[in-house]
Amino acid sequence: MILAQQQRALTMLFKIEARPEPSRQMALAAPLIATGLTIVISSIFFLTLGLNPFLTLYTFFVEPLTTKNGLSEWLLKASPLILIACGLSIGFRANVWNIGAEGQLIMGAITATGVGLFLPFQESGLLLPLMAVAGVIGGMAWAAIPAFLRDRMNTNEILVTLMLTYIAALVLSWLVHGPWRDPEGFNFPQTALLPNQGMFGVFDYAYRLNTSIFITGVVVVLTWVFTERSFLGYKMSVGGAAPSAARFAGFSSSASIWIGLLASGAAAGLAGMMEVAGPLGQLSPQISPGYGFAAIIVAFIGRLNAIGIVLGGLLLSLLYLGGESVQLSLGLPSSIALIFQGMLLFFLLASNFLINFRFRKIAMRAH
Amino acid sequence: MDLFVSIFTATIIAATPLILAALGELIVEKSGVLNLGIEGMMLIGAAFGVWAHFAGLPMFLAVVIAVLAGMASSLLFGVLALTFMTNQYAAGLALAIFGAGVSAFIGRGFGSTPVEAIQPIDIPGLSNIPVIGEMFFHYDPLVYFSFVMFGAVSWFLYQTKAGLTLRAIGESPDSAHAIGFHVIRIRYLAVMFGGGMAGLGGAYLSLVYTPLWVENMTAGRGWIALALVVFSAWRPKRVVLGAWLFGGMTILQLQGQAMGLAIPSEVLSSLPYLATIIVLVLISQNRQAMALDFPVSLAQPFRPKG
């Protein structure tokens, strides 16, 4: 009886209420809370698998960064994630949902490789810049299809960008099995290697990290300026948050759709180019471990903000490395990395709640 | 004639997982909630179904486990979207990614071990009729169940008071709340129904259609189911029509590959995805028809006032 009363009193103690304005502290704390919760839940998960959670977490999150090669791989994998997420954030702010960055990445890799292998600039210093332009155009062109269909045909861009991802993967498969297959490649489904002029230089021949990381750096700065300092970026965000207000102010949603999709397509295409002209060196049926999808998580973890995206990209890249690391040393399946990605996003979205709402103590009644 | 019959029956079978998942999502969207995570829930259903089967459970229970797993995963989305009022697009995507990871983890070790598929059942008398029997009365129980569910969903939405309530909540959660309906509670139920149906659709793939566990075996069917709901303009009848169209597309593509047509197999494989885009474009042209049954509050978070 008393216990029941106590419980009732306890449930009466807190009430959820909207904050008068979003909390800035919570905006910063939410990603940390989410990461912390992910680590706690994954420790429990490892315990149930009969593994030592400390050892597993160490293998997952720390060990990959203890070697120079690990650090190189960390930045190498973070780079495309950050690049793509920067592009996506521009669209997401305007409520334009490009879910098919993976497909645009593949198309960018294809067009860039096409230029690298088949244009008559093979010995020229112009080859690499031309490939970059081709990659950007390839990604943009693939994203222009959903932009056109959404703008002119009123067609949902989420579904179109996704379907085009499946189609892009099939185009890639057809090219590497058919017309672009390396005649000297022992029948492996892959293209010839790109010429040296079509490859980014590495910093040290022992490691794979290459100079394309500077491109990502520039894109981060450009994204920051566009979203935080430009009037157009501001208008797009307003259009995303309050469509009717934006229309009233004379800003068309059509511009948001085109800019949102083309910017993200360009970034994803460039990322695809950087993969073939960097660690890969050629096309094969599998050129991305889901960077285009993981970048969506990066964009959200970074709160659609360029600086946040850099941190989010480093975190997700670490998840990829950690997945490989536990696979190698503990024999766990690499799918664990995907579970962590999803879990992280779940917790992040849940902790975002604390930015706009708070639990308030309410006075207990006197009886 | 034999070819026609076999294409017809194969189409019905290929459409079944789409019908199940899309009918579930239809109810979810009718309540005003957009769950993009169907692909993840289907994968979870497929993996847990196979897991239960290899754990020695009878097939019926394996299917039930798949449904429960789909429901449980949809609750993750529900808590985020309904209780924490997060962006529903993001919550659904998180579920899609999470489901791919969880299913790959659960299904590891079962790869390429064939499952003893659920067998077609004969209906005494009817199945023996030439052609007709083969075309209509020789399917596994889940095919019949998908038609039962079609009837049930149509009846529920348009003939029952509960269905009316659900639609009212999707149209205007604020007024429904003011009248005294529990908007959040009913949306939870709708989300769980969608999760169960997606889990069932996934189990159909791994226990009947393929029948074995392959990582990412849904191959975009969850997203196509989502497209079907748009295609249907939120009406159950057209969900089924659309599913047959895509089922037929899949079967024609497989037939084409089997016949060794002189087109690259990738062109044929891309047909269902291409068809999805074309159909979406065509259907989106008729804005009035699209608006008629569209749940106005779709994907908008709801917080009861007062």
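The values are calculated or read from the model by the stated rules, or taken from the named source; none is laboratory data. Small disclaimer: the values here were computed from a predicted structure and weren't measured. Cβ coordinates were reconstructed from backbone atoms using ideal geometry, including for glycine residues, and neighbour counts include every protein chain displayed. Surface areas here come from the heavy atoms of the whole protein model, side chains and all, with no ligands, DNA or RNA. Shrake-Rupley method; radii C 1.70, N 1.55, O 1.52, S 1.80 Å.
Threshold 10 Å², probe 1.4 Å: give the residues of segment A:83-114, in number order, that are less accessible with all protein chains present than with their chain alone.
Checking the loss per residue gives A:Trp97, A:Ile99.
Only residues of segment B:258-272 count here: report those whose backbone N is under 14 Å from the spot 7 Å along Cα→Cβ of B:Ser6, or say none.
B:258-260
Just for the protein assembly as shown, what percent of DSSP beta bridges are antiparallel, to the closest 5? Walk me through the intermediate numbers first.
Details: 8 of 9 bridges.
Percent antiparallel among DSSP bridges in the protein assembly as shown is about 90.
Can you give the longest stretch of chain A with no exposed loop site, where a site means GluC sites (Glu not before Pro) in a DSSP loop (not H, G, I, E or B) with at most 11 other C-beta atoms within 10 Å?
A:185-367
Measuring from label point to label point, each 7 Å out along Cα→Cβ, what is the B:Phe136 to A:Ser230 span in nm?
6.2
Separation between the B:Gln159 and A:Gln122 pseudo-spin-labels, each 7 Å from Cα along Cα→Cβ, expressed in nm?
7.2
Please identify, among A:Asn98, A:Asn187, A:Asn352, the residue showing maximal mean-square fluctuation in a Gaussian network model of chain A using a 10 angstrom Cα cutoff.
Evaluated over chain A, the most mobile residue of the options is A:Asn187.
Report the B-A buried area as the accessible area lost on both sides summed, probe 1.4 Å, in Å² to the nearest 100. All intermediate terms of the calculation are to be shown ahead of the outcome.
On the way: alone 14160 and 18650 Å², together 29150 Å².
Summing both chains' loss of accessible area gives about 3700 Å².
How much of the accessible area of segment B:1-119, in percent, comes from carbon and sulfur atoms when a 1.4 Å probe is used?
73
Once you have the Cα-Cα distance between B:Leu241 and B:Ala299, take 0.36 nm times their residue separation minus that, and quote the gain in nm to one decimal.
18.4 nm
Per residue, how much accessible area does chain A show when a 1.4 Å probe rolls over the protein heavy atoms, in square angstrom?
46
Per Stokes-Einstein, at 37 °C and 0.692 mPa s, what whole-number D in µm² s⁻¹ belongs to segment B:2-292, with the Kirkwood radius over Cα pairs as the hydrodynamic radius?
After rounding, the answer is 168 µm²/s.
Each label point is 7 Å from the Cα along the Cα-to-Cβ direction; what then is the distance between the points at B:Ser112 and A:Phe186, in nm?
Spacing of the two 7 Å Cα→Cβ label points: 2.0 nm.
Given the pairs A:Lys235/B:Lys305; B:Lys161/B:Lys237; B:Lys30/B:Lys237; B:Lys30/B:Lys305, which are separated by over 24 angstrom at their Cα positions?
Listed pairs above 24 Å: A:Lys235/B:Lys305.
Average partner chain C-beta neighbours within 10 Å, per residue of A:340-348?
That average works out to 6.
Assigning unit charges at the beta carbon (Lys, Arg +1; Asp, Glu -1) and nothing else, what dipole magnitude in debye, to the nearest 20, does chain A show about its Cα centre?
In total the dipole reaches around 1720 debye.
At most 16 other Cβ atoms within 10 Å plus a DSSP loop assignment makes a site exposed; report the longest stretch of chain A without any exposed chymotrypsin sites (Phe, Trp or Tyr not before Pro). Can you show the working numbers first?
Numbers: sites that count: A:Phe186, A:Phe203, A:Tyr205.
The longest uninterrupted stretch comes out as A:1-185.
Kindly report the accessible area of chain B per residue (heavy atoms of protein chains, probe 1.4 Å, no ligands, DNA or RNA), in Å².
I get 40 Å² per residue for this part.
Are there any helices in chain A, counted as whole DSSP H runs, that stretch 24 Å or more along their axis by Cα and score at least 1.6 on average by Kyte-Doolittle, and if so which?
A:157-177, A:306-330, A:335-356
Over segment A:52-331, what relative contact order in percent results from Cα pairs under 8 Å that are six or more residues apart?
Dividing the mean separation by the residue count of segment A:52-331 yields 39 percent.
Would you kindly state how much longer the chain becomes between A:Gln25 and A:Leu328 on full extension, computed as 0.36 nm times their sequence separation minus their alpha carbon distance, in nm to one decimal?
Extra length from A:Gln25 to A:Leu328 when fully extended: 105.2 nm.
Let's see if you can work this out: charge +1 on each Lys and Arg Cβ, -1 on each Asp and Glu Cβ, no other charges. What is the dipole magnitude of the protein assembly as shown about its Cα centre, in debye to the nearest 20?
I would put it at about 2640 debye.
For the protein assembly as shown, compute the orientation-averaged projected area of the C-alpha convex hull (one quarter of its surface), in nm². Could the numbers behind the result be given before it?
Details: hull surface 139.5 nm².
Mean projected area for the protein assembly as shown: 34.9 nm², to one decimal.
Go ahead and estimate [θ] at 222 nm for chain B from helices alone: -39,500 (n - 2.57) per DSSP H run with n ≥ 4, summed, over the residue count, rounded to 500. All intermediate terms of the calculation are to be shown ahead of the outcome.
On the way: 14 runs with 210 residues, N = 306.
The helix-only estimate for chain B comes to -22500 deg cm²/dmol at 222 nm.
Determine the share of chain A's accessible area contributed by carbon and sulfur atoms, expressed in whole percent, with a 1.4 angstrom probe.
Here it works out to 67 percent.
Helix-derived [θ] at 222 nm for chain A: sum -39500 (n - 2.57) over DSSP H runs of at least 4, divide by residue count, nearest 500?
-22000 deg cm²/dmol
Using only Cα atoms, figure out Rg for segment A:200-352 and give it as a multiple of 2.2 N^0.38 Å.
This ratio for segment A:200-352 stands at 1.22.
Let's test the formula: R0 of 22 Å, r as the Cβ-Cβ distance of A:Gln286 and B:Val267. What FRET efficiency results, to the nearest 0.05?
That gives a FRET efficiency of 0.65.
For segment A:165-184, which residues drop by 30 square angstrom or more in accessible area between the chain on its own and all protein chains together (1.4 Å probe)?
When all protein chains are present, A:Tyr166, A:Ile167, A:Leu170, A:Trp174 each give up 30 Å² or more of accessible surface.
Nearest 10 degrees is fine. How inclined is helix B:88-107 to the longest principal axis of chain B, computing both from alpha carbons?
Approximately 40 degrees, to the nearest 10.
How much space per residue, in cubic angstrom, does the convex hull of the C-alpha atoms of chain A take up? Don't skip to the answer; put the middle values down first.
Numbers: hull volume 68.6 nm³, N = 367.
So the per-residue Cα hull volume is 187 Å³.
Placing unit charges on C-beta atoms (Lys and Arg positive, Asp and Glu negative, everything else neutral), compute the dipole magnitude of chain B about its Cα centre in debye, rounded to 20.
My answer is approximately 1000 debye.
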